[in-house]
Every structure is written in C-alpha cells, then in structure tokens.
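Heads up: the structure comes next, in structure tokens.
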Amino acid sequence: MTKSSPRSRLKLIGAAAFFLTIALAGYLLRDHADIARIKGWVMEGMDWIDTNPVAAVLAYIAIYIAVTALSLPGATPLTLIGGSMFGLWLGLAAISFASVAGATLA
C-alpha cells in the first residue's frame, strides 16, 4: 500500500470542494435558471443597451479594463460578449481600447 502525498490529498480536496460548490449552486439556483427566465434577462439587458448606449459602452469598458488590469480570467468571454452586444465596429473599438488600457494598468 502506498501513502499519498500531502499535495495529492490537497488536489483531491480541492476537486471535491469545486464539485460540491457546483452542485450546491445548481441546487440553490434550480428554480431561477430556467431558459425562459434567462431569455427574459437577456432581452431586458439588450433593451437597456438600446436605450442607454453610451452608459452601456462605458460600463463594459470599465469592466473589461478591471478584468484585464487585475489579470482575472474572463477576457475571452468578455470579448465575445462585447462583439455580440455592440456589433462589429463599436465592439471592436471598445474591446481594443479596454484591452490596451487594462494591459497598460497591469
């Protein structure tokens, strides 16, 4: 019988904690995460962007700069979200500015 190292035990504990967290979140959000509700949230968000385009772009840029400057994961999804929310040219401008500003601050 071989003894497991402390490092392998930590990995096992970390993996178990991760999966327990996902399971708990799924259990707690089971009533709130139906597809109709999510579609409603997306439509409300798109309506807000249509009525407040300047505020939406500035908020998006601020979030993107913070994520990039703090080296948090999520730049790829943020890039895809920006392109889908603002279209090609405005999304390209906002993403380019925010990514350069965030990288400069990092």
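The values are calculated or read from the model by the stated rules, or taken from the named source; none is laboratory data. Keep in mind that what you see is a predicted model, and the values were worked out from it rather than measured. With ideal geometry, Cβ positions are generated from the backbone for all residues, glycine too; neighbour counts draw on all protein chains shown. For the accessible areas, the whole protein counts, side chains as well, though only heavy atoms, and no ligand, DNA or RNA atoms are used. Shrake-Rupley method; radii C 1.70, N 1.55, O 1.52, S 1.80 Å.
Observations on the structure shown:
- Within the range 97-106, the residues that satisfy the criterion of being surrounded by fewer than 17 Cβ atoms within 10 Å (Cβ to Cβ) and either in a helix (DSSP H, G or I) or touching a His at 6+ places or on another chain (Cβ under 8 Å) (or both) are PHE97, VAL100, ALA101, ALA103, THR104, LEU105.
- Per the listing GLY87, GLY82, the residue uniquely of a type outside the set (Phe, Trp, Tyr) and surrounded by 13 or more Cβ atoms within 10 Å (Cβ to Cβ) is GLY82.
- ALA94 meets the conditions (1) touching a helix residue (DSSP H, G or I) at 6+ places or on another chain (Cβ under 6 Å); (2) open to solvent by 30 Å² or more (accessible area, probe 1.4 Å); (3) at pLDDT 90 or above; (4) hydrophobic (A, V, I, L, M, F, W, C) in every case but one. The failed one is (2).
- Residues of the range 60-77 satisfying the condition of being surrounded by 11 or more Cβ atoms within 10 Å (Cβ to Cβ) and in a helix (DSSP H, G or I): TYR60, ILE61, ALA62, ILE63, TYR64, ILE65, ALA66, VAL67, THR68, ALA69, ALA75
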